[in-house]
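Please read the structure below before turning to the comments.
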Number of protein chains: 2
Amino acid sequence: MVSTPRNTRQRRAVAAILEDLDGFASAQEIHDLLRHRGESVGLSTVYRNLQALSDSAEIDALRNDDGETLYRQCSTGHHHHLVCRACGRTVEVAGPTVERWADSIAAEHGFVDVAHTLEIFGTCGNCAS
Amino acid sequence: MVSTPRNTRQRRAVAAILEDLDGFASAQEIHDLLRHRGESVGLSTVYRNLQALSDSAEIDALRNDDGETLYRQCSTGHHHHLVCRACGRTVEVAGPTVERWADSIAAEHGFVDVAHTLEIFGTCGNCAS
DNA sequence: CCCGCGGATGGGAACCATTGTCAAATTGAC
DNA sequence: GTCAATTTGACAATGGTTCCCATCCGCGGG
Ligand SMILES: [Zn+2]
Ligand SMILES: [Zn+2]
Ligand SMILES: [Zn+2]
Ligand SMILES: [Zn+2]
């Protein structure tokens, strides 16, 4: 019996921030943004809600080079990301060829329960100048 | 003026372990293996040597789902990995098409200084049964 | 509208991989 | 062998994230 998450002020605030952001952001960045917005939310709560949203596939998560987990509200469906290291600006990209390639490689070597990670990092035009 | 690294017992021991392993392993796992082998090396030293080897591109590094950094001595040249989550067994894979695809996507959106990460995780035949 | 259950919150402690510190040991050139 | 410079290692510190638990509050029932 799975219970529906409660509609709390904190949950709404986190969701609203994600709605407004267009790039990936860390839990701590989101926590700061909430404070500046006056909608203060405990750091633990921010982590919990982000994780819950990520688990239910409502938002995407990825790890940057520093080992931080970044979150973003993306379009639905499987896709990958072109992310600016400096500002977080993100372009969603689809690579059907890559998907098939990865699956066939794995099958070829007898691997099951297969998943893949693919992200492209760079510096966007804005940040480069 | 870059000085050549010294040929210490510890550095040799770490290199020897990497030589013998065929899958990815964490710094702590390697530290344990060294102890069991009788060639005890300080944990900090294991970390330092692995990082140095990784920086000089003599070994590959990747992060698993738990956020740990894993290391492996691979063949030279750019490639990706099919890794067993359970035992670390690894198959090196090349994907020239993916390389070109990633670069063109990035260029298309005006990103520079581009890099990509691509790993395939699964459960290998052995571990599945 | 009022109660009461159980999920949600938050502040601080705990975790844990990794990095920093620095005195002591080791290496390698001369 | 001597000596400066690098490396080591035990331990402390870091930092993102998770855990703990007393308190709070959303929400369904009465
Ligand atoms: Zn996405
Ligand atoms: Zn994909
Ligand atoms: Zn490799
Ligand atoms: Zn590649």
Enumeration of residues in the range A:17-41 that are free of Cβ contacts under 8 Å to residues at least 12 places away in the same chain and part of a helix (DSSP H, G or I): A:Asp20, A:Glu29, A:Asp32, A:Arg35, A:His36
Residue within the range B:86-96 that is touching a Cys at 6+ places or on another chain (Cβ under 7 Å), touching a residue at least 60 places away in the same chain (Cβ under 8 Å) and over 13 Å from A:Leu118 (Cα atoms) present: yes
Enumeration of residues in the range B:51-71 that are within 18 Å of B:Phe121 (Cα to Cα) and out of contact with any Ser or Thr (no Cβ under 6 Å at 6 or more places or on another chain): B:Asp60, B:Leu62, B:Asn64, B:Asp65, B:Asp66, B:Gly67, B:Thr69, B:Tyr71
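Conditions tested, residue by residue: (1) over 22 Å from B:Asp65 (Cα atoms); (2) surrounded by 14 or more Cβ atoms within 10 Å (Cβ to Cβ).
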{"site": "A:Leu18", "(1), (2)": "yes, yes"}
{"site": "A:Arg35", "(1), (2)": "yes, no"}
{"site": "A:Ser44", "(1), (2)": "no, no"}
{"site": "A:Ala61", "(1), (2)": "no, yes"}
{"site": "A:Asp65", "(1), (2)": "no, no"}
{"site": "A:Val83", "(1), (2)": "no, yes"}
In the range B:42-63, the residues that are touching a residue at least 24 places away in the same chain (Cβ under 8 Å) and in contact with a Leu (Cβ under 8 Å, 6 or more places away or on another chain): B:Val46, B:Leu53, B:Ile59, B:Leu62
Qualifying positions in the range B:84-107 - under 23 Å from B:Asp20 (Cα atoms), among the β-branched types (Val, Ile, Thr) and either facing chain A (nearest Cβ under 9 Å) or in a loop (DSSP other than H, G, I, E, B) (or both): B:Val91, B:Val93
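Specify the residue that is farthest from A:Leu118 (Cα to Cα); the eligible residues are those in the range A:45-61 that are assigned to a helix (DSSP H, G or I) and either away from DNA strand D (no atom under 11 Å from the Cβ) or of a type in the set (D, E, K, R) (or both).
Residues of the range A:45-61 that are assigned to a helix (DSSP H, G or I), as a first pass: A:45-55.
Now narrow it down to the ones that are either away from DNA strand D (no atom under 11 Å from the Cβ) or of a type in the set (D, E, K, R) (or both): A:48, A:53, A:55.
On the way: A:Arg48: 25, A:Leu53: 21, A:Asp55: 19 Å.
Applying the filter and picking the extreme gives A:Arg48.
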Residue match in the range A:118-127 (condition: within 16 Å of DNA strand C (Cβ to nearest atom) and surrounded by fewer than 13 Cβ atoms within 10 Å (Cβ to Cβ)): no
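In the range B:62-74, what residues are within 9 Å of ligand 3 (Cβ to nearest atom) and outside any strand (DSSP E or B)?
Filtering the range B:62-74 for residues within 9 Å of ligand 3 (Cβ to nearest atom) gives B:62, B:72-74.
Selection gives B:Gln73, B:Cys74.
Which residue out of A:Gly77, A:Gly110 is surrounded by fewer than 19 Cβ atoms within 10 Å (Cβ to Cβ), in a loop (DSSP other than H, G, I, E, B) and modelled with pLDDT of 95 or more? Walk me through how you get there before you give the answer.
On the way: A:Gly77 fails: modelled with pLDDT of 95 or more.
Criteria check complete, one pass: A:Gly110.
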Verdict on A:Ser26 being within 14 Å of chain B (Cβ to nearest Cβ), more than 25 Å from B:Arg85 (Cα to Cα), among the hydroxyl-bearing types (Ser, Thr, Tyr) and within 16 Å of the chain's Cα centre (by Cα): yes
Test set (1) in contact with a helix residue (DSSP H, G or I) (Cβ under 9 Å, 6 or more places away or on another chain); (2) surrounded by fewer than 16 Cβ atoms within 10 Å (Cβ to Cβ); (3) closer than 25 Å to B:His80 by Cβ; (4) of a type outside the set (Phe, Trp, Tyr) - A:Val98 fails condition number: (2)
Subset tally (residues that are within 23 Å of B:Tyr71 (Cα to Cα) and more than 7 Å from every other protein chain (Cβ to nearest Cβ)) for the range B:108-129: 2
Residue satisfying all of: in the range B:37-82; over 27 Å from A:Glu108 (Cβ atoms), more than 14 Å from chain A (Cβ to nearest Cβ) and in contact with a Phe, Trp or Tyr (Cβ under 8 Å, 6 or more places away or on another chain); nearest to ligand 4 (Cβ to nearest atom) among these: B:Leu53
A:Asp32 among the charged types (D, E, K, R), within 16 Å of DNA strand D (Cβ to nearest atom) and at pLDDT below 95: no
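The values are calculated or read from the model by the stated rules, or taken from the named source; none is laboratory data. What you are looking at is a predicted structure, and each value in this text was computed from that prediction instead of being measured. Every residue, glycine among them, receives a Cβ derived from its backbone with ideal geometry; neighbour counts consider all protein chains shown.
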